[in-house]
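S.K.: For reference, the structure I am asking about is given below.
Quick note: the coordinates plus some simple rules give every number you see, no bench work behind them. All of these numbers come straight from a predicted model, not from anything done at the bench. In this analysis, Cβ positions are derived from the backbone assuming ideal geometry, glycine residues included, and neighbour counts consider all displayed protein chains.
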Amino acid sequence: MELDYHPEVQDVTIRRPQLKLQEGVSFPAWVADNWETVKNFQAKPDDLLIATYPKSGTTWIQEIVDLINQNGDVKMCKRAAVYERIPFLEFFMSPFPTGIELIEKMASPRVMKTHLPIQLVPKSFWEQDCKIILVARNAKDCLVSYFHFNRMTESMPEPGTWSEFIQKFMEGRVSWGSWYDHVKGWWEAKNKHRILFLFYEDVKENPRREILKVAEFMEKVLEEDAIEKIVHHSSFEVMKGNPMVNYTTIPMTFMDQNISRFMRKGEVGDWKNHFTVSQNEDFDEHYERQMGHSSLKFRNVL
Ligand code: A3P
């Protein structure tokens with residue numbers, strides 16, 4: 001794939017965006033301001049969409065999906081950075097090519113990612129009955145990861161302090177809105193469309209089992225040798241050192257990995273190192289009100 005943008009250019013200036021409401025959901029201005037283009041995106045029947053709330057293991061699943069598509073051929077998966085191999089549908093940040101520009105240059109079958117809540121997914125995905133892989137991660141780890149990500153990237157609004165960010169997250173005043181609405185929306189729709197619903201915690205617990213689920217959903221049969229390569233190359237330790245997935249190809253002015261690494265910890269339960277006892281009690285009480293009636297249950301949240 002030809003790249004329009006050369007990551008070695010390190011001098012791009014990025015200004016943190018404001019949050020803007022679009023159809024009742026908070027987005028960075030660069031999504032909200034390009035809403036009509038996103039809404040009118042034309043999906044094709046063999047497109048595969050990876051959908052997540054931010055910081056739920058998107059990059060991880062992107063790499064797994066590409067490794068499956070390439071039959072475990074690691075060299076092929078290093079042909080370009082992950083955000084070029086599997087573009088971000090609603091990405092519009094100059095001077096980078098937009099997600100849709102990258103998608104439109106791809107040969108089918110195309111794979112792309114989105115963070116959109118289900119009600120805002122462009123309607124062509126439903127008309128074309130596209131397959132979708134949804135990955136959800138428990139709220140507390142997601143929140144912690146999102147806080148550090150907001151600190152390190154100028155593509156997100158200022159996170160404020162840790163305790164301010166917890167409040168914003170609980171109220172859905174963060175990019176892509178409410179985690180609670182996002183995961184519940186996708187969960188409720190999972191049997192009405194071709195959706196594979198995965199949990200970050202399950203992939204962490206047994207990557208091989210979850211990789212095989214993804215491969216089956218993609219209708220790919222993998223030899224044992226390929227499965228082993230995929231398990232190995234999608235592990236946190238290997239991905240952390242792979243510039244094609246660890247976002248070190250992005251200019252420092254866009255993501256400052258001295259503040260926090262993109263591949264930060266990759267663990268379940270890191271929230272325990274961040275929440276105070278009283279923050280945790282407040283969060284749990286609010287969580288129960290938001291999620292108590294849902295059949296969607298996450299592990300490792302208590
Ligand atoms: P942490 O900040 O908790 O480390 P996304 O790709 O949706 O932005 O999610 C990023 C989160 O997924 C980060 O979480 C990152 O470390 C984690 N992650 C990325 N690759 C991973 C892997 N191979 N195994 C486990 N976690 C991974």
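S.K.: Would you mind computing the Rg to Rh ratio of the chain from its alpha-carbon coordinates, Kirkwood style for Rh?
M.R.: 0.93
S.K.: By DSSP, what percent of the beta bridges with both residues in the chain are antiparallel, rounded to the nearest 5?
M.R.: On the way: 5 of 20 bridges.
Looking only at bridges with both residues in the chain, the antiparallel portion is about 25 percent.
S.K.: First measure r as the distance between the Cβ atoms of Met252 and Glu101, then evaluate 1/(1 + (r/R0)^6) with R0 = 25 Å and state the FRET efficiency to the nearest 0.05.
M.R.: Rounded to the nearest 0.05, the efficiency is 0.60.
S.K.: Below 12 angstrom from the Cβ of Glu216, what's the summed charge of the other residues (Lys, Arg +1; Asp, Glu -1)?
M.R.: Numbers: positive: Lys131, Arg209, Lys213, Lys220; negative: Glu210, Glu219.
Local charge sum for Glu216: +2.
S.K.: Same structure, new question: Give me the number: length gained by fully extending Glu224 to Thr37, i.e. 0.36 nm times residue separation minus the C-alpha to C-alpha distance, one decimal in nm.
M.R.: 63.1 nm
S.K.: Can you work out the PRE-style zone for Ser295? Point 7 Å along Cα to Cβ, and I want the residues of the range 183-201 with backbone N under 11 Å.
M.R.: Correct set: 188-191.
S.K.: Out of every Cα-Cα pair in the range 84-125, what percent are more than 11 Å apart?
M.R.: Cα-Cα pairs of the range 84-125 separated by over 11 Å account for 66 percent.
S.K.: Going by average Cβ density within 10 Å per residue, which order do the peptides 50-62, 26-38, 128-140 take, highest to lowest?
M.R.: Averaged packing, sorted descending, gives the order 50-62, 128-140, 26-38.
S.K.: Please list, by residue number, every one of the GluC sites (Glu not before Pro) in the range 173-245 that is coil in DSSP and has at most 14 other beta-carbon atoms within 10 Å.
M.R.: In loop regions of the range 173-245 (DSSP not H, G, I, E or B), the sparsely surrounded GluC sites (Glu not before Pro) are Glu219, Glu223.
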